[in-house]
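For reference, the structure discussed in these notes is given below.
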Amino acid sequence: MTLDKLAKITELKARKDAGALVHRIHSSPDARTRTMTLRPLLLVLFTVALGAMEFSTADVTYQDGNLALTGFLATPATAAAAPGVLVVHEWWGNNDYSRRRAKELAEAGYVAFALDMYGTAPTTDFAKAAELSKPFYEDRALMLRRIRLGLDQLRQAKGVDQQRLAAIGFCFGGACVLGLARDGEDLAGVVSFHGGLRTSVKALPKTVKAPLLVLHGGADTFVPPAEVADFIEEMTAAQATWRMEVFGSAVHAFTNPAAGSDPAKGIAWDKDAEHRAFAAMYAFLEECFHR
């Protein structure tokens, strides 16, 4: 491992993750919460001591009927079966960003599969991205089928613990993984980063089996307060296990540096919110995988 990489792990894992987790431990009056939160903290410190785990990557071609899809698999170099995390991309497609997140998960010891919802090359064009994502918002069955095809690839991956699977998604992908949870997929956990919360088919009581973590920008105009309120009402009525963290002035796409630096445009990277959101995700995954 290079010194630069070790410095990066120390910066993100020790200062941000451990700091945030220690704050949660001391601020929570609930003994169970303190106990559950200590485990990911110890993992973080252990990871820092050893450095990031080595991993391998591979493109994976699979099919939805006649449509070829190309996912990206990142596998940690460990003899033991590892938990698996499905990564669902933004509306741009399965690009370098979603692949980067899969690599980071593998560095942390998870088998990660970045699925392909589109079966076409990623785009950077706003209108094209809207065109590619539109059928999935309009056809819930298509969306669920395409996600589950990716989930099947994760289940089949070498070295994955099939009993410990989670899903994360970004923007469009966040809406997708929440849709999967609403449909009752029995996962260890589901995380939405700046994802859409609106749905045409609300979750029925006790159908949401996976614990949910929603990471939301407080100034996200694409997901306005009314949509957030509807989601809270829906999840409460569904008796789901869920939590939401709201990052003050963060706007849409706040975890992606490619979103730029001008919040006035409605999308922008927020470095602090990004770090805190991923600290929350890693802590949440460890809780879910070790319940």
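Summary table
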item	result
Highest to lowest packing among 251-263, 59-71, 104-116, scored as the average C-beta count within 10 Å	104-116, 251-263, 59-71
Protection proxy ranking of 153-164, 265-276 - average other beta-carbon atoms within 10 Å, highest first	265-276, 153-164
Candidate aspartates and glutamates for bridging to residue 103, where Cα separation is under 13 Å - those fewer than 8 sequence places away on the same chain excluded	54, 59
Neighbourhood net charge (14 Å Cβ-Cβ; Lys/Arg +1, Asp/Glu -1) for residue 99	-3
Long-range amide H partners of residue 85 with built H, under 5 Å	111, 112, 113, 166
Label-zone membership for segment 225-258, site residue 126, 7 angstrom Cα→C-beta point, backbone N under 14 Å	252-253
Note, ³J(HN,Hα) from phi for segment 214-229, Karplus 6.51, -1.76, 1.60, rounded to Hz, x at Gly and Pro	10, 10, 10, x, x, 10, 6, 7, 6, 10, x, x, 5, 5, 5, 4
Neighbour net charge for residue 146 - beta-carbon separation under 14 angstrom, K R +1, D E -1	-3
Part-to-part distance (alpha-carbon centres) for segment 247-264 and segment 135-206, which is given in Å	24
For segment 185-200, 3J(HN,Hα) per residue [Karplus equation, 6.51 cos²θ - 1.76 cosθ + 1.60, θ = phi - 60°, Hz, x = Gly/Pro]	4, 8, 10, 5, x, 9, 10, 10, 9, 6, x, x, 10, 6, 8, 8
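All of the numbers you see were taken from the coordinates with simple rules; none came from a lab. Treat the numbers as computed from the prediction; the structure is a model and nothing was measured. Cβ coordinates were reconstructed from backbone atoms using ideal geometry, including for glycine residues, and neighbour counts include every protein chain displayed.
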